[in-house]
1. Let me check I've understood the local charge: for B:M221, count other residues with C-beta under 12 angstrom from its C-beta, Lys and Arg +1, Asp and Glu -1. What total comes out?
2. How many Cβ atoms of partner chains, on average, are near each residue of B:146-155 if near means within 10 Å of its Cβ?
3. Take the alpha-carbon centre of the stretch A:1-15, take the same for the stretch B:170-220, and report the distance between them in whole Å.
4. Within chain B, which whole H helices from DSSP have a Cα span along their axis of at least 15 Å and a mean Kyte-Doolittle hydropathy of -1.0 or more, if any?
5. Hey, can you list the residues from the stretch B:54-99 whose accessible area shrinks by 10 Å² or more with all protein chains present, relative to the chain by itself (probe 1.4 Å, no ligands or nucleic acids)?
6. Taking all protein chains as present, what is the carbon and sulfur share of the accessible area of the stretch A:2-212, in % to the nearest whole number, probe 1.4 Å?
7. Please give the net charge around A:N48, taking every other residue with its beta carbon less than 15 angstrom from that of A:N48, where Lys and Arg add +1 and Asp and Glu add -1.
8. When the accessible area of each residue in the stretch A:176-213 is compared between its chain alone and the complete protein assembly (1.4 Å probe; ligands, DNA and RNA ignored), which residues differ by at least 10 Å², being lower in the assembly?
Amino acid sequence: MDYLLLLIPTMLKGTSITLKLFFLTLAMALPLGVILALARLSKFKPLNVFMQFYVWIFRGTPLLLQLLFIYFGLTFVGITLERFTAAVLAFVLNYAAYLAEIYRAGIQSIDRGQYEAADVLGLTKMQTMSKIILPQMFKRVLPPMSNEVINLVKDTALVYVIGISELLRVAKTAAVTDFRFTPFIVAAIFYLIMTGVIQQFFKWLESKYEFYE
Amino acid sequence: MYILQAIDVYKKFHRLEVLKGISLQVKKGEVIAIIGSSGSGKSTFLRCLNRLETIDKGFIEIDGEIMVQNNADGKAIYSPEKDIERLRRKMGMVFQNFHLFPHKSVLQNIMLAPLLVKNINEAEAKALARVLLDKVGLDYKADNYPFELSGGQQQRVAIARALAMEPEIMCFDEPTSALDPELTGEVLQVMKDLALENRTMIVVTHEIGFAREVADRVIFMDEGVIVEEGKAEDVIINPKHERTKAFLSTVLMAR
Ligand SMILES: Nc1ncnc2c1ncn2[C@@H]1O[C@H](COP(=O)(O)OP(=O)(O)OP(=O)(O)O)[C@@H](O)[C@H]1O
Ligand SMILES: [Mg+2]
C-alpha cells in the first residue's frame, strides 16, 4: 500500500505526458485529416498524387520509425526539434494520414444524389461540402474513428524511443529499479481507464447522432 | 417568346450516343410530359437542361439568355460560369429518389438553399418554408427528419424544397417511380396543383394518366430522338407512329 502511494504520483506525471501528447495530436490531426482527405479527392492532379504519396509514406512505415526519423533523422539536415515537439509532429502527420483515409472513404460513401440536389439548389462546392457532405460523413466515420483514437492512446507509448517519460516508460523504470511488477499493473489500469473513457465518449457521440436515419 | 429553348441537342456518354438531336421549345406556363421507354434518354435530356450533364452539341436558352451554343466547328460552348449559375437558378429539379438531406429536418431542408443562396434571413426563410410545407400538405411534419416520412411525403418535401428557390421552370424526373402505388396519388395531386397555378413544368413520367390529364403537350422519346409530340390527346389516344403505339400498349397493359 505504501509502495502504491509512492508510485502513483510518478505514474500520474507520466500519464499527464501521455494525455498531453494524445490531446495535442487529436486537436491537430482531426482537422488536418479533413483537409488531407479533400486534397486526396481533389481533381487537381498534382495535389491528388502528392496525397497518395503522403499516405503511402505514413501508412507504409512504422510509426516508431517515423518518430526516429523526425527526432534523430532531421538533425542530419540541420533541424533539431525538442523531443516532445518531434513526438507531436510525428503523431500528427501519421494520424492525419490514417484519418484522411477514413474521411475519404466516408465522403465517397455519400450518395451522388446529395451533391446533385445541392447543386441544382445553387449551393457552391464549398457550401455543399461543409453543410451537406461533411456533416453526414462525420456520423458515418465515428466507428472507425473511435478505433483510431483508441489506437492513439496505446501508440503514445512509442515515444519512449526518443526518451520521453510517458506512462509506460515511467512504469518500466519503476519496475526495474524497484524490482517489482506492480508498476505494470498500475499502468495497465491507467490505460484501461483512458480507453474506457474514450469508448464511452464515442458511444455517447454516436447516440447523439442517432437523431437521423 | 419561349421560356426555354433547346435546339438540336446531342449528348454522348463515351461512345454511346444518348441524345441525337433533341429540340424542345417551352412557353411560360406550359406543362410538358416526356414519355418513352427505359434508356431512351429522357433523364439525360432533363439533366442537360440544368447542366447536371454537359451537352456535346446544340443550343440551350433559358428565359432569353443563352446557356450553351455551338461554335463555328459545331461544338457546344457554354456561357461564362457566372451567367450559367444565374440561369440554373431558374430551373428547379425533383429527382426520382428525392435526395432530401437526411441530417436536416424537413423545415431545414427547405430553408437551406434560400438561406445560403438567396441570402435571406432566418425568419424569412422559415416563413417561406412554412408556407411551402403547407402548400404540399405537410406543415405538421416540419420538425421531423426525412427518414420518418413515407416516400410520398418525402417527395412532397423535395418539391417544396425546389419551389423555395422560386424557379421559373420545374423539372421532374419520374417523381413517382420510386413510390409504392398507393403513394403516387398524393405527389401527382401536388403536381396538378402546381400546373393549375400556371407553373412551367417539364415532367418525365411513366404515369400516362397524369400526362394525359395535366400536360399541355406530350413528347414521346425513343433511342435519343423525339419520335412524336403534340397535344396529350393526340399522342396518347391517337398515336401516329408505330413505336409510340407499341410503347403505349406496353405501359397501358402493365397496369
Ligand atoms: N452517367 C452516365 N454514364 C454512362 N452512360 C449513361 C449515363 N447516364 C445515362 N447513361 C446511359 O444513357 C442512356 C439513356 O439513359 P437515361 O437515363 O437518359 O434514360 P431514361 O430514358 O431516363 O430511362 P429510364 O426510364 O430508365 O429512366 C442509357 O443507355 C444509360 O445507360
Ligand atoms: Mg430516367
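The values are calculated or read from the model by the stated rules, or taken from the named source; none is laboratory data. Please read these numbers as outputs of a predicted model, since none were measured by experiment. Glycine also receives a Cβ, built like all others from the backbone with ideal geometry; neighbour counts cover every protein chain displayed. Areas reflect the complete protein model, heavy atoms only, side chains present, ligands, DNA and RNA absent. Shrake-Rupley method; radii C 1.70, N 1.55, O 1.52, S 1.80 Å.
1. Neighbourhood net charge equals -1.
2. Working: counts 2, 3, 2, 0, 0, 0, 0, 0, 0, 0.
Across the residues of B:146-155, the mean count of other-chain Cβ atoms within 10 Å is 1.
3. Cα centroid of the stretch A:1-15 versus Cα centroid of the stretch B:170-220: 74 Å apart.
4. Values: long enough: B:106-117 (18 Å, 1.93); B:122-135 (20 Å, 0.00); B:151-163 (18 Å, -0.18); B:181-196 (23 Å, 0.42); B:242-254 (18 Å, 0.46).
Helices meeting the criterion: B:106-117, B:122-135, B:151-163, B:181-196, B:242-254.
5. B:E85, B:R88, B:R89, B:M91, B:M93, B:F95, B:H99
6. Numbers: 7880 of 11270 Å².
Ligands and nucleic acids excluded, carbon and sulfur give 70 percent.
7. Local charge sum for A:N48: +3.
8. A:F211, A:Y212, A:E213
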